[in-house]
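Taken together, the values in this text are just the output of simple stated rules run on the coordinates, not laboratory data. Small disclaimer: the values here were computed from a predicted structure and weren't measured. Note: ideal-geometry Cβ built from the backbone for every residue, glycine included; neighbour counts use all protein chains shown.
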Amino acid sequence: MASMTSRTRVQRTVNFQAADRVPIDLGAMKASSIGVKAYNQLKSALGLNSSKTRIWDPKLMIASVEEEILQRFHVDVVPLDISSVMHDGRPDSDWVPKTLYEGADGLLPPGTAVGANAEGDWVLLDQDGSPTSLRMPREGYYFDDISYNKPGAVIDPSSFRPVTGFTDAHLGALQARSSTLYDHTDYAMLGWGGGVCFLGLSMITDRLSHVTMGLPSEWMMMLMTEKETCHDLMNRSVEASIQCLEQLHEAVGDTCFAWGIAADDSGTQRGEFIHPDLWAEMIKPHYAKLCEWIHDHTEWKTFLHCCGSIYHLIPHMIEAGVDILNPVQTSAANMEAERLKAEFDGKIVFWGGGCDTQHVLPTGTPDEIREHVKERLAIFAPGGGYVFNQVHNIQPNIPPENIIAMLDAAYEYGPVDSTDRPAT
């Protein structure tokens, strides 16, 4: 098969059509990237030390993957993220230099302020200089969200303030970046911004724009005891999301192949957060409404990030209109690669699951990792509908030789014998 551009390769893959090889992702969204320490060590191993690493997300401490790395590892997808677009084009001099506890140097996004508490932990500061709940302990890798118990606190639906739009400056910057990437590169673009969150990070984030308002235990009980109120909150969230997506689509059109609808972790290591029947009753209708709007008004695929053991939820996600699922946590219960491929082949695109980041990537030898990736591609790739990415972000302590082995194997074993899947 003739070689394809990245954009064509991804577009055909997510439509279950034959492609010349499996597309590769490294850093197209904030759960498919790489920790700053690991990224710096990778650059050093490759002899690429000409610039300081930009930290894409201070909380997660992940790197913004540079063009040299994208080219070296044949990466096919890049992010188009409203949350970072305002500083993407700014010079390094506008960014905030910081040496992390583990010794990695990086540049924090413009305007980022970091303080310290009495214990010597770092604390992210608000724009007014007051401390947030985000803290990085000494020798830590991330800013953890330290939420404290609030005895007697309740969720007040009247206080819910979902985001309903973006500034003209943000939308203009997003449009400019979209045009530049579309006109001057052949990368596929994954859009992000304006989505919902019903069981994921909003569970612990104390913001009035999230349905849980930082009270996860209260929210989980309300899903059982105050269903009408929960439906109302989630419906308001979806309506606000649709308003955002209307603005985003007007700005970038269909230059993106997909848009992220949610980062909404619904599973633990051993099972689903809530019973699948309750998920279907409470969460599914709101996903369906959002996915329906996207499918009716755009050419985008719908992209869902959902960690953990979610095997029993996947049929409901498919029925709700989810097209692409990430990170495919194959080390969680009931999430074996063979099982997922056998039961959901052709029904949903798997984006991830290409390398076990819990048990293989940290401790395996490069040869073991190459064989592991080869086996995963042999399972997931036939028939299309698969994009290679490790399970979630590459952690900071991963040896560079293991990362190189993983990504090189993804490219080497990516070509597969496949034909277009018959239309259904």
Expressed as a whole number of Å, what is the distance separating the alpha-carbon centroids of the range 312-357 and the range 240-299? 16 Å
Only four residue types carry charge here, +1 at the Cβ of Lys and Arg and -1 at the Cβ of Asp and Glu. Report the dipole size of the range 247-316 about the Cα centre in Debye, rounded to the nearest 20. 200 debye
Debye calc, one equal point scatterer per Cα of the range 77-133, no solvent, log10 I(q)/I(0) at q = 0.27 1/Å comes to -1.17
Taking springs between alpha-carbon atoms closer than 10 angstrom, which of L377, L190, L208 fluctuates most in the Gaussian network model of the chain? L208
Could you sort 161-174, 378-391, 264-277 so that the peptide with the highest average Cβ count within 10 Å comes first and the rest follow in order? 378-391, 264-277, 161-174
How many angstrom separate the Cα center of the range 28-46 from the Cα center of the range 360-409? 14 Å
Among beta bridges that DSSP assigns inside the chain, antiparallel share in %, nearest 5: 40 percent
According to the square roots a ≥ b ≥ c of the eigenvalues of the Cα gyration tensor, what is the shape class of the range 96-203, taking rounded for a/c under 1.5, prolate for a/b larger than b/c otherwise, and oblate for the remainder? oblate
For the chain, what is the mean residue ellipticity at 222 nm derived from helices alone (per DSSP H run of n ≥ 4: -39500 (n - 2.57); sum divided by total residues; nearest 500 deg cm²/dmol)? -10500 deg cm²/dmol
May I ask you to list, by number, the DSSP H helices of the chain whose Cα span along the axis is at least 27 Å and whose average Kyte-Doolittle hydropathy reaches -1.0 or more? 227-252
Select from M220, A104, M406 the residue farthest towards the positive end of the dipole of the chain; place +1 on Cβ of Lys and Arg, -1 on Cβ of Asp and Glu, and compute about the Cα centre. A104
Where does the chain land on Rg(C-alpha)/(2.2 N^0.38 Å)? 0.95
Relative contact order of the range 45-161: what whole-number percent is it, with Cα pairs under 8 angstrom and at least 6 residues apart? 20 percent
Would you mind pulling out the separation of the Cα centroids of the range 176-213 and the range 74-129, in Å? 17 Å
May I ask which residue of H170, V14, S3 lies farthest towards the positive end of the charge dipole of the chain, with charges of +1 (Lys, Arg) and -1 (Asp, Glu) on Cβ and the Cα centre as origin? S3
The range 265-396, convex hull of Cα, quarter of hull surface, nm² -> 8.3 nm²
Could you compute the net charge surrounding D367? Neighbours are other residues with a C-beta less than 11 Å from the C-beta of D367; K and R count +1, D and E count -1. -1
Here are some pairs, K289/K341; K98/K150; K301/K374; which of them have Cα atoms lying more than 29 Å apart in this structure? K98/K150
So for the chain, averaging the separation of alpha carbon pairs under 8 Å that are six or more residues apart and normalising by length, what relative contact order in percent results? 20 percent
Under a Cβ-only charge scheme (Lys and Arg +1, Asp and Glu -1), can you give me the dipole magnitude of the chain about the Cα centre, in debye to the nearest 20? 280 debye
Which residues' amide hydrogens lie under 5 Å from the amide hydrogen of T268, considering only partners 5 or more residues apart or on another chain, with H built in the peptide plane? F273, S309
Mind putting a number on the dipole of the range 306-424 about its Cα centre? Charges go on the C-beta only, +1 for Lys and Arg and -1 for Asp and Glu, and I need it in Debye to the nearest 20. 260 debye
If each of K52 and Y101 carries a label point 7 Å out from its Cα toward its Cβ, how far apart are those two points in nm? 2.1 nm
If packing is taken as the average number of other Cβ atoms within 10 Å across a peptide's residues, how do 216-227, 77-88 rank, most packed first? 77-88, 216-227
Considering only DSSP states other than H, G, I, E and B, which chymotrypsin sites (Phe, Trp or Tyr not before Pro) in the range 74-149 qualify as loop sites with at most 16 other Cβ atoms within 10 Å? Y101, Y148
